[in-house]
Amino acid sequence: MKIAFVGKGGSGKTTLSSLFIRHLTANEAPVIAVDADINQHLGAALGLDEAESTAFPAMGAHLPLIKDYLRGSNPRIASVEAMIKTTPPGEGSRLLRVREDNPVYEACARAVRLDDGEIRLMATGPFTESDLGVACYHSKVGAVELCLNHLIDGPDEYVVVDMTAGSDSFASGMFTRFDMTFLVAEPTRKGVSVYRQYKEYARDFGVSLKVVGNKVQGQDDLDFLREEVGDDLLVTVGHSNWVRAMEKGRPSRFELLEADNRCALQTLQDAAEDSYEHRDWERYTRQMVHFHLRNAESWGNAKTGVDLAAQVDPAFVLGESLAVPQPS
């Protein structure tokens with residue numbers, strides 16, 4: 001299952017995504033966590049100290065390796081230089097699986113030990129001083145999009161992505177890459193404004209969207225969210241002493257998280273699992289191709305000097321039936 005956490009800056013999406021990752025691990029689900037937010041705080045929320053977070057490999061820095069591995073023997077892709085962030089897989093492409101070892105994970109992922117098990121954590125890498133004036137953050141997130149386009153995951157496996165804040169998530173087609181999107185909203189006008197934007201943008205693409213109300217302090221907050229987001233409100237989360245201790249660097253064991261917050265996290269998992277029956281690999285592949293052709297026409301062809309539309313394999317459909325390990 002591919003799960004995205006989105007919301008405005010400061011809404012608590014990174015905290016909630018880290019709690020969800022811990023919850024899944026406690027339930028013995030294999031998890032790949034991806035920090036795709038420009039602020040890169042997911043590692044710290046999962047317990048990494050500053051030195052560990054600083055030393056973490058950046059996916060953007062390994063983009064040539066990622067492209068070379070995923071290209072495989074696909075005859076439609078003439079070279080690594082001809083690949084862009086939306087290049088779709090086809091016959092001969094290498095695909096990623098959650099429970100495997102491969103050169104991409106070796107270069108870009110690190111094992112993070114949590115109270116109840118171990119996850120793989122990947123990060124786009126921070127926006128550095130050398131990027132100022134010459135690059136946009138979405139060029140870094142492109143490594144995540146390329147990996148998601150080549151990823152096969154099953155119903156009992158999880159890829160959890162902490163997305164960049166606000167409506168910036170729509171700067172690429174990556175918002176369509178998920179089985180479920182959890183939008184974290186505070187009970188304020190600003191808190192629900194991102195929800196309205198997301199709802200409008202995602203409407204034409206069949207994006208499964210549920211709202212998680214955060215920092216809800218009473219009935220008035222709950223009523224406000226229900227009035228503003230209606231049936232999209234899935235669950236609410238209030239104050240947590242466990243989270244406060246975690247943010248101070250003194251977390252207790254995860255099993256001591258407040259019972260109501262554990263129940264809220266289980267509600268998220270239940271919603272994610274329920275979305276699996278609506279998974280449509282043909283639509284997923286069709287949307288992947290749609291955004292690739294748009295990018296090819298708007299900038300990709302000019303940048304690479306080739307017709308990127310020719311990279312599309314019309315007979316190829318990504319799906320779990322392809323989840324057989326391939327030689328590296």
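Here's the list of lysines a cross-link from residue 190 could span, going by alpha-carbon distance under 23 Å and ignoring same-chain residues fewer than 8 apart: 8, 13, 199, 210, 215.
Computed from Cα positions, the angle between helix 137-149 and the longest principal axis of the chain comes to roughly 80 degrees.
Each residue, residue 232 and residue 116, gets one label point 7 Å from its Cα in the Cβ direction; the gap between the two is 2.9 nm.
Protection proxy ranking of 196-206, 31-41, 58-68, 152-162, by the mean of other Cβ atoms within 10 Å over each peptide's residues and highest first, is 31-41, 152-162, 58-68, 196-206.
If packing is taken as the mean number of other Cβ atoms within 10 Å per residue, what is the order of 84-96, 287-299, highest first?
Working: 84-96: 21.2, 287-299: 17.4.
Final packing ranking: 84-96, 287-299.
Enclosing the Cα atoms of the chain in their convex hull gives a volume equal to 131 cubic angstrom per residue.
Students often check this: by mean Cβ neighbours within 10 Å, which of 256-262, 173-179 ranks highest, and how do the rest follow?
The peptides rank, most packed first, as 173-179, 256-262.
Between the beta carbons of residue 290 and residue 321, assuming R0 = 30 Å, the FRET efficiency works out to 0.85 to the nearest 0.05.
Please work out how much length the chain gains when fully extended from residue 170 to residue 193, using 0.36 nm per residue of separation minus the C-alpha to C-alpha distance, in nm with one decimal. Can you show the working numbers first?
Details: separation 23, 0.36 × 23 = 8.28 nm, distance 1.49 nm.
Using 0.36 nm per residue and subtracting the Cα-Cα distance, I get 6.8 nm.
Taking every protein chain into account, the accessible area of the chain amounts to 45 square angstrom per residue (probe 1.4 Å).
The aspartates and glutamates within cross-link reach of residue 67, meaning a Cα-to-Cα straight distance under 16 Å and a gap of 8 or more places when in the same chain, are 81, 91, 106, 145. Could you work out how far helix 259-275 tilts from the main Cα principal axis of the chain, as a 0 to 90 degree angle to the nearest 10? That helix lies at roughly 30 degrees to the long axis. The residues packed around residue 69, meaning those with a beta-carbon under 11 Å from its beta-carbon, carry a net charge of +1 if Lys and Arg are +1 and Asp and Glu are -1. Net charge in the neighbourhood of residue 173 (other residues with Cβ under 10 Å of its Cβ; Lys, Arg +1, Asp, Glu -1) is +2. Against the main long axis of the alpha-carbon atoms of the chain, helix 13-26 sits at an angle near 90°. Placing unit charges on the Cβ atoms only, positive for Lys and Arg and negative for Asp and Glu, gives segment 168-255 a dipole magnitude near 400 debye about its Cα centre. What the phi angles of segment 280-287 give under the Karplus curve with 6.51, -1.76 and 1.60, with θ = phi - 60°, is a coupling list of 10, 5, 5, 5, 4, 5, 4, 5 Hz, glycine and proline written as x.
The values are calculated or read from the model by the stated rules, or taken from the named source; none is laboratory data. On a predicted model such as this, the values are computed, not experimentally measured, just so you know. Cβ: placed from backbone, ideal geometry, glycine included. Neighbour counts: every protein chain shown. The protein model used for the area step is the full one, side chains on, heavy atoms only, and it has no ligands, DNA or RNA in it. Shrake-Rupley method; radii C 1.70, N 1.55, O 1.52, S 1.80 Å.
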